[in-house]
Amino acid sequence: MQSIPNIIIPIIENGTSSNKNLRDELQDKRAIIFGVPGAFTPTCSEKHLPGFIKLYDRIKSSNIDDIYCLSVNDTFVIKAWFLSYADNPKIKGIADGNGDFSKSLNLLVDKTKNFMGMRCTRFALIAINNNIEKLFIEKQGEFTVSSAENILDQL
């Protein structure tokens, strides 16, 4: 079974960024982390993050402590992206700017042909006490298994 990597990474909560050890952050929690190729990109901005915002209360009521959105972007970009959603409840951001998290789970993909550099592939995972119980990785160009609707069905 895979586990959450033991890394220090910027986590954005309520517009504030703090460098935290991700394993410490998720200790004794049931959490969802969903990853997007980039903040402000079409599917990520129009479907992926909005889906989790819309279903936030239902997901949380399914015995989930926290929901995180990860992207291989810097903290400033993630903060600005989150601020563009006035209706974002309490989804936390993970700024995987160096791709450390994505590399550790073999989710880093080369998007240089689209002038995006290295990014994470679209995914979602369910972690319980730092153990990744379920990992859903999208096929290139698809958006089904990592959607908020599918994750809610898995809980």
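The values are calculated or read from the model by the stated rules, or taken from the named source; none is laboratory data. Since the structure is predicted, the reported quantities are computational estimates derived from the model, not experimental observations. Positions of Cβ are backbone-derived with ideal geometry, glycine not excepted, and every protein chain shown enters the neighbour counts.
Listing for the model above:
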{"quantity": "Scan of segment 6-17 for residues that are exposed (fewer than 14 other Cβ atoms within 10 Å of the Cβ) and either part of a loop (DSSP other than H, G, I, E, B) or out of contact with any strand residue (DSSP E or B) (no Cβ under 6 Å at 6 or more places or on another chain) (or both), ordered by number", "calculated": "ASN6, ASN14, GLY15, THR16"}
{"quantity": "Residue satisfying all of: in segment 21-40; in a loop (DSSP other than H, G, I, E, B) and in contact (Cβ under 8 Å) with a residue 60 or more places away in the chain; farthest from MET116 (Cα to Cα) among these", "calculated": "ASP28"}
{"quantity": "Cβ pairs under 6 Å, 6+ apart, first in segment 41-53 and in contact (Cβ under 8 Å) with a residue 60 or more places away in the chain, second assigned to a helix (DSSP H, G or I) and surrounded by 15 or more Cβ atoms within 10 Å (Cβ to Cβ)", "calculated": "GLY51/ALA148; PHE52/ALA148"}
{"quantity": "Residue ID - surrounded by the most Cβ atoms within 10 Å (Cβ to Cβ), chosen from residues in segment 85-97 that are without any contact (Cβ under 8 Å) to a residue 40 or more places away in the chain and in contact with a helix residue (DSSP H, G or I) (Cβ under 9 Å, 6 or more places away or on another chain)", "calculated": "ASN88"}
{"quantity": "Residues within segment 23-74 that are polar (S, T, N, Q), closer than 16 Å to GLU13 by Cα and at pLDDT 95 or above, tallied", "calculated": "1"}
{"quantity": "Every residue from segment 11-30 that is of a type outside the set (Val, Ile, Thr), under 24 Å from GLU133 (Cβ atoms) and touching a helix residue (DSSP H, G or I) at 6+ places or on another chain (Cβ under 9 Å)", "calculated": "LEU22"}
{"quantity": "Residues (part of a loop (DSSP other than H, G, I, E, B) and either of a type outside the set (S, T, N, Q) or touching a residue at least 60 places away in the same chain (Cβ under 8 Å) (or both)) located in segment 98-107", "calculated": "GLY99, LEU105, LEU107"}
{"quantity": "Any hit, segment 108-119, residues being in a helix (DSSP H, G or I), touching a residue at least 40 places away in the same chain (Cβ under 8 Å) and either under 19 Å from ARG23 (Cα atoms) or not aromatic (Phe, Trp, Tyr) (or both)", "calculated": "no"}
{"quantity": "Segment 70-121, subset more than 16 Å from ILE32 (Cα to Cα) and among the basic types (Lys, Arg), residue farthest from the chain's Cα centre (by Cα)", "calculated": "LYS113"}
{"quantity": "Listing of helices (runs of 4 or more DSSP H) fully contained in segment 44-97 that carry 1 or more residues being among the hydroxyl-bearing types (Ser, Thr, Tyr)", "calculated": "56-60, 75-83"}
